[in-house]
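Trainee: Next up is a structure, given as structure tokens.
Just so you know, all these numbers are worked out from the coordinates, no wet-lab data involved. Here the structure is a predicted model, which means the values were calculated and not measured. With ideal geometry, Cβ positions are generated from the backbone for all residues, glycine too; neighbour counts draw on all protein chains shown.
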């Protein structure tokens, strides 16, 4: 507890003795500074300050390494031609950079449209080729069916049998149905 806390002045009292209040505040600051100096002396004598100093040096070295890595990354980004082309980094005016980005966006959309157009043309070409193949397959199927019919027709079978001296015998159409009677 601060010994001067009981002697705090109210605002009315401060207005009557501003020099005394300023002196008391200066003494309070001096007392805090003396306590802080004593704590630091105790830390130095126990060796705690060496650890803190080493930790602070290590922290500062890490921060410096991070800052250098960030600067190096920024330099690589600034030096990259492709990134500068897409971001407009080589332009000196901010407004020109905005318009450049818009132009880049329009160019990308045009490229996408051209790409899709060529893809649809390619798909249409492949579809027409497939239609031609299907038409050829239908024609072949018709030709094979005609050939099969010609081979398996009754007249062709009779001719083939005559060449081998086999006579085709007609079966009579009198067929009998045997009915099954239930007992």
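Trainee: Which of 180, 167 comes first, and how do the rest follow, when ranked by fewest Cβ neighbours within 10 Å?
Mentor: By the 10 Å Cβ count, ascending: 180, 167.
Trainee: Using a 10 Å cut-off around each Cβ, can you sort 57, 169, 43 from fewest to most neighbouring Cβ atoms?
Mentor: Listing 57, 169, 43 from fewest to most nearby Cβ atoms yields 169, 57, 43.
Trainee: Another question, if that's okay. Cα centroid distance between the stretch 121-165 and the stretch 24-60, in Å?
Mentor: First find each Cα centre; the distance between them is then 103 Å.
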